[in-house]
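Working notes, structure below.
The values are calculated or read from the model by the stated rules, or taken from the named source; none is laboratory data. Only a predicted model underlies this, so the values are computations on that prediction, with no experimental measurement involved. Methodologically, a virtual Cβ is constructed for each residue, glycine included, from the backbone with ideal geometry; neighbour enumeration extends over all protein chains shown.
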Amino acid sequence: MRRDNSRRRRGGNWLILAVVLALGAGIWWYCGRQAEESADEQQMILLRHSAEGTTEEIALEDALVGFVAAEMPASYAEAALQAQAVAARSFVMSRYLADGEVCDDTAHCLAYLDEDARRQRWGLGFAANEEKIRAAVVSTAGQVLLRDGEPVAAYFHASCGGMTESMKAVWGGTEPYPAAECYWDGGAADGQARFLTRAEMAELLELDEVSLPLLCVTARSASGRVREVSCGSRHWSGSEFRSLLGLSSTNFNWLNTAEGFLFSVWGHGHGVGMCQRGAGGMAAAGYDYRGILQVYYGGCTVGMASEGEDTDTDTDTDTDTAGSGQD
Ligand SMILES: [Zn+2]
Ligand SMILES: [Zn+2]
């Protein structure tokens, strides 16, 4: 009898142990699923730090705080920072889908400041600026510019000087959004002068000084930017000429004087996509971020990257997906 009882008790213990183990395994499986699901929800990207030569895996939304902080002054109104967050998210997604990574080389992708760099840049203003930029990212979480359901390579630049440039004119290929008139960046007031002596010009262009009078603009884009400069049989693209002479954009004219060449240059950067100063001006004038994006990325819609299409339609252009290119 006693023996039977103890055997029964032992059997009961085994049963309890089995139930506990099964429960434990169930909880472990459930927690694992939950963790997997939340990791799934968070879009991760590979961010290459060009100077250090390292690559880190980082959540897109966290990386965006660093991209927006690096690309636009934190003093800009919230709507401009939100427009910048959506544009940067679109650019990063489009680059990431094409290349499998994004880098912080501004000549290839876009500028990035990690938290240490942001603390350094903002000093005592860190907490306030960090909160402002994070709010712009969080309030637009997941939103990108879409064309045919794909995130668009949404380029942006410091200022356009009155008219943005078509992507096709700068890098060829397709044109996901057209050039746009910009009334909010101070336009001509942003023009700057650059003087180069004849000797400096000859050296930078590797020309004989005597042939300099032959220098002329042989093609301009619809926005008025220089597409080609020639000197006899020599030809430069507007971008090559700009970078050889250190001009801030290809939106320039020159005056050939006895002493040298006096350049007038409007805007800063390649001119494609959103004019950041213009976005700042629009935000200050009361436009919301969708209104800003509609001006600079005509024909694109604002929607969730994961869902393809949704809101705010504005279709008035002709071509489809983004081309590639560099600053
Ligand atoms: Zn890159
Ligand atoms: Zn502008």
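Worth a mention:
Residue-wise test of (1) farther than 25 Å from Gln294 by Cβ; (2) buried (at least 22 other Cβ atoms within 10 Å of the Cβ); (3) at pLDDT 95 or above; (4) not assigned by TED's automatic domain parsing to the domain that holds Ala279.
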position	(1), (2), (3), (4)
Ala69	no, yes, yes, no
Ala77	no, no, yes, no
Cys103	yes, no, yes, no
Arg118	yes, no, yes, no
Trp122	yes, no, yes, no
Ile133	no, yes, yes, no
Leu145	no, yes, yes, no
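- Among the numbered conditions (1) closer than 28 Å to Tyr76 by Cβ; (2) out of contact with any Cys (no Cβ under 9 Å at 6 or more places or on another chain); (3) of a type outside the set (Phe, Trp, Tyr), the only one that Asn256 does not meet is (1).
- Flag for Ala202 being small (Gly, Ala, Ser), part of a loop (DSSP other than H, G, I, E, B) and over 21 Å from the mean Cα position of the chain (by Cα): no
- Listed by position, the helices (runs of 4 or more DSSP H) enclosed by segment 97-174 that each have at least 1 residues that are more than 16 Å from ligand 2 (Cβ to nearest atom) and free of Cβ contacts under 8 Å to residues at least 12 places away in the same chain are 115-122, 126-138.
- Segment 204-220 residues that are closer than 17 Å to Gly238 by Cα, paired with ones that are of a type in the set (Val, Ile, Thr) and surrounded by 15 or more Cβ atoms within 10 Å (Cβ to Cβ) (beta carbon under 8 Å, 6 or more apart): Leu215/Val229; Cys216/Val229; Val217/Val226; Val217/Val229; Thr218/Val229; Ala219/Val226; Arg220/Val226
- Some residue of segment 62-70 being among the aromatic types (Phe, Trp, Tyr) and free of Cβ contacts under 8 Å to residues at least 24 places away in the same chain: no
- Residues of segment 300-327 classified as modelled with pLDDT of 95 or more and either at positive phi or in a loop (DSSP other than H, G, I, E, B) (or both), total: 1
- Flag if Glu181 is crowded, with 18+ Cβ neighbours inside 10 Å and of a type in the set (Asp, Glu): no
- From the options Ser230, Ser239, Ser211, residue that is over 17 Å from the mean Cα position of the chain (by Cα), surrounded by fewer than 21 Cβ atoms within 10 Å (Cβ to Cβ), modelled with pLDDT of 95 or more and not hydrophobic (A, V, I, L, M, F, W, C): Ser230
- Residues in segment 41-60 include none that are assigned by TED's automatic domain parsing to the domain that holds Ala158, within 16 Å of ligand 2 (Cβ to nearest atom) and assigned to a helix (DSSP H, G or I).
- Taking segment 206-282 as the region of interest, the strands (runs of 3 or more DSSP E) fully inside it that hold 1 or more residues being within 16 Å of ligand 2 (Cβ to nearest atom) and among the aliphatic types (A, V, I, L, M) are 260-265.
- Evaluation of Pro73 against the conditions (1) away from ligand 2 (no atom under 16 Å from the Cβ); (2) in a loop (DSSP other than H, G, I, E, B); (3) exposed (fewer than 15 other Cβ atoms within 10 Å of the Cβ) shows that the sole unmet condition is (1).
- Given (1) in contact with an Asp or Glu (Cβ under 6 Å, 6 or more places away or on another chain); (2) away from ligand 1 (no atom under 11 Å from the Cβ); (3) at pLDDT below 95, index of the condition Ala107 fails: (2)
- Check on Gly246, surrounded by fewer than 15 Cβ atoms within 10 Å (Cβ to Cβ), within 30 Å of Tyr76 (Cβ to Cβ) and away from ligand 1 (no atom under 16 Å from the Cβ): yes
- Answer residue from segment 148-176, given it is at pLDDT below 90 and of a type in the set (A, V, I, L, M, F, W, C) and is nearest to ligand 1 (Cβ to nearest atom) among those: Trp171
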